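Colleague: Below you will find the structure I want to go over with you.
The values are calculated or read from the model by the stated rules, or taken from the named source; none is laboratory data. Only a predicted model underlies this, so the values are computations on that prediction, with no experimental measurement involved. Ideal geometry is used to build each Cβ from the backbone, glycine not excepted, and the neighbour counts take in all protein chains shown. Heads up: the accessible areas ignore ligands, DNA and RNA and are worked out on the full protein's heavy atoms, side chains in. Shrake-Rupley method; radii C 1.70, N 1.55, O 1.52, S 1.80 Å.
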Amino acid sequence: MSTVSTVPEQPGTFDRIRALESQYLLQNYARYPLLIERGRGCYVYDASGKRYLDLLAGIGVNALGHAHPRLTKVIREQAGLLLHTSNLYYHQYQGPLAERLSKVSGLERTFFCNSGAESMEGALKMIRSHGRKIHPDKYEIIALHNSFHGRTLGALSITGQEKYRRDFEPLLPGARFVPHNDIVALEQTVNDRTAGIVLEWIQGEGGINPISNEFGRKARELADRYGALLVFDEIQCGVGRPGTYFAYQLADPQVLPDIMVAAKPLACGIPLGVIVANERAAQSIGPGMHGSTFGGGPLACRVAIEFMDILEGLLPHIQQMGGYFRMKLEELAKRYKFIKEVRGRGLMIGVELSIPGKQIVLDAIEQGLLMNCTHDTVLRMLPPYIITEKEIDRGIRILNKVFKTAAKQSS
Ligand SMILES: *Cc1c(COP(=O)(O)O)cnc(C)c1O
């Protein structure tokens with residue numbers, strides 16, 4: 001018993017969970033002081049029944065909020081029918097979901113996996129294999145400063161943020177970084193060795209930074225000129241969040257990638273990631289070259305199909321609510337000098353501050369609102385797509401209160 005003596009017997013659920021986690025979990029997460037017990041719609045609840053307006057939705061995952069009745073129904077039904085088949089056999093849902101993804105993305109072929117980083121790893125293998133077919137030295141990959149592409153070694157190699165990378169170097173050779181929206185730097189970095197260019201159309205972890213249409217177009221042009229694959233990481237900014245299916249569809253004329261990866265909201269909380277590629281890029285992966293045990297299981301795919309059905313009718317709502325939310329935030333920005341800028345598209349919103357955001361996030365939790373802070377000074381909101389004006393108004397009232405406190409403390 002001596003090994004568990006630091007864990008108090010039953011001092012209340014939250015304390016006990018905290019003690020167990022601090023004793024038995026890898027200490028990689030700095031969690032907020034909140035134990036969530038259940039959720040419904042845009043709210044989550046702690047054990048005492050206190051409710052929190054969830055403007056983060058699991059870092060953009062719970063796209064239909066919590067316990068959506070249509071998702072709950074298909075999850076229940078599918079759990080009683082078939083959860084897993086492996087990819088040795090067919091099941092009913094991969095084909096139709098891939099067809100759906102092809103129609104909405106403008107790309108052709110899908111590979112299913114389980115997470116964002118895993119989809120990025122697959123895309124990196126496609127870039128490598130594509131380059132190698134042309135020349136053994138064609139393996140360089142260009143990505144952006146402040147990008148975030150995942151925590152696995154390959155994805156980290158093209159993540160342009162020192163804090164995520166430094167403990168794990170050396171990483172993959174051949175990664176090159178250029179500043180966000182710097183067309184000249186991009187032109188100077190692309191060469192015959194470039195096998196791929198990887199971009200987030202709107203950077204998420206980097207602080208909600210959209211790339212310009214010109215930059216996106218230039219990346220397309222250079223990828224074509226040098227025979228490189230253009231990859232868009234839509235893991236955070238895609239699948240409805242920007243008010244279009246994918247963020248690259250915001251540009252007019254549209255810039256199509258060769259490969260798009262998506263994950264976070266795709267199955268609304270059931271793990272699912274995808275690589276969607278055009279025919280040319282799809283040629284880089286032949287039989288036996290890639291795979292996944294869990295990827296594209298019947299549960300995740302069926303939930304994603306149900307979500308896509310619902311999403312079709314939700315896109316105008318996402319645009320409207322996004323516009324409304326940003327307008328209300330702009331009003332707050334006029335009132336509080338430490339708000340530097342309100343950015344984003346659709347329901348992917350960043351509020352850049354001139355002061356650190358951490359305490360504001362903690363105060364907001366106290367007041368019953370969840371969001372987070374990325375890049376130290378950018379408050380990030382990725383609310384469920386079903387959010388209403390009334391809920392946004394409530395969020396704004398809470399934010400106003402929290403900002404008022406911050407204004408007093410910083411003056
Ligand atoms: C979250 C994220 C990833 C990594 O996804 P995981 O599912 O956490 O592996 C990759 N790229 C972007 C843009 C992300 O936001």
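Colleague: Could you grab me the full set of residues in segment 302-321 that are in contact with a strand residue (DSSP E or B) (Cβ under 7 Å, 6 or more places away or on another chain) and not aromatic (Phe, Trp, Tyr)?
Modeller: Within segment 302-321, VAL303 is the sole residue that qualifies.
Colleague: Quick one: what pairs do we get from segment 266-286, first residue crowded, with 24+ Cβ neighbours inside 10 Å, second among the basic types (Lys, Arg), C-beta under 9 Å, 6+ apart or different chains?
Modeller: That search, which allows pairs on different chains as well, returns ALA267/ARG302; GLY273/LYS264; ILE275/ARG109; VAL276/ARG109; ALA277/ARG109; ALA281/ARG109.
Colleague: Out of LEU199, LEU229, LEU222, which single residue is within 15 Å of the ligand (Cβ to nearest atom), among the aliphatic types (A, V, I, L, M), touching an Asp or Glu at 6+ places or on another chain (Cβ under 8 Å) and within 20 Å of LEU107 (Cα to Cα)?
Modeller: LEU199
Colleague: Could you grab me the full set of residues in segment 340-374 that are over 17 Å from the mean Cα position of the chain (by Cα), touching a residue at least 60 places away in the same chain (Cβ under 8 Å) and outside any loop (DSSP other than H, G, I, E, B)?
Modeller: Residues satisfying the conditions are GLU352, VAL361, LEU362, ILE365, LEU369.
Colleague: Return the residues of segment 232-280 that are modelled with pLDDT under 95 and either of a type outside the set (Asp, Glu) or within 12 Å of the ligand (Cβ to nearest atom) (or both); say none if nothing qualifies.
Modeller: Hits for segment 232-280 are PRO253, GLN254.
Colleague: Also, quick follow-up: Mind counting the residues in segment 22-44 that are within 26 Å of ARG326 (Cα to Cα) and either modelled with pLDDT under 95 or open to solvent by 40 Å² or more (accessible area, probe 1.4 Å) (or both)?
Modeller: 2
Colleague: Kindly indicate which of SER284, SER292 is of a type in the set (Ser, Thr, Tyr), within 16 Å of the ligand (Cβ to nearest atom) and over 20 Å from GLY204 (Cβ atoms). Before the answer, list the steps.
Modeller: Details: SER284 fails: within 16 Å of the ligand (Cβ to nearest atom).
When all the criteria are applied, what remains is SER292.
Colleague: Can you tell me how many residues in segment 193-244 are crowded, with 23+ Cβ neighbours inside 10 Å and of a type in the set (Phe, Trp, Tyr)?
Modeller: So the answer is 2.
Colleague: Output the number of the condition that ILE134 fails; it satisfies all remaining conditions of (1) farther than 14 Å from LEU229 by Cβ; (2) over 21 Å from the mean Cα position of the chain (by Cα).
Modeller: Here ILE134 meets the rest and fails (1).
Colleague: With the requirement that a residue be out of contact with any His (no Cβ under 9 Å at 6 or more places or on another chain), more than 10 Å from the ligand (Cβ to nearest atom) and not in a strand (DSSP E or B), what does segment 130-149 give you?
Modeller: HIS130, GLY131, ARG132, LYS133, ILE134, HIS135, PRO136, ASP137, TYR139
Colleague: If a residue has to be of a type in the set (D, E, K, R) and open to solvent by less than 70 Å² (accessible area, probe 1.4 Å) to count, how many in segment 80-128 make the cut?
Modeller: 3
Colleague: Among what's in segment 297-329 and is among the aromatic types (Phe, Trp, Tyr) and assigned by TED's automatic domain parsing to the domain that holds ASN62, pick the residue that is farthest from the chain's Cα centre (by Cα).
Modeller: Step by step, filter segment 297-329, then rank; the result is TYR324.
Colleague: Which one of these is over 28 Å from LEU34 (Cβ atoms) and within 16 Å of the ligand (Cβ to nearest atom): SER119, SER102? Give the derivation first.
Modeller: Working: SER102 fails: within 16 Å of the ligand (Cβ to nearest atom).
Result: SER119 is the single residue among SER119, SER102 that is over 28 Å from LEU34 (Cβ atoms) and within 16 Å of the ligand (Cβ to nearest atom).
Colleague: Same structure, new question: For segment 150-186, which positions are more than 16 Å from the ligand (Cβ to nearest atom), in a helix (DSSP H, G or I) and surrounded by 14 or more Cβ atoms within 10 Å (Cβ to Cβ)?
Modeller: Passing the criteria: ILE183, ALA185, LEU186.
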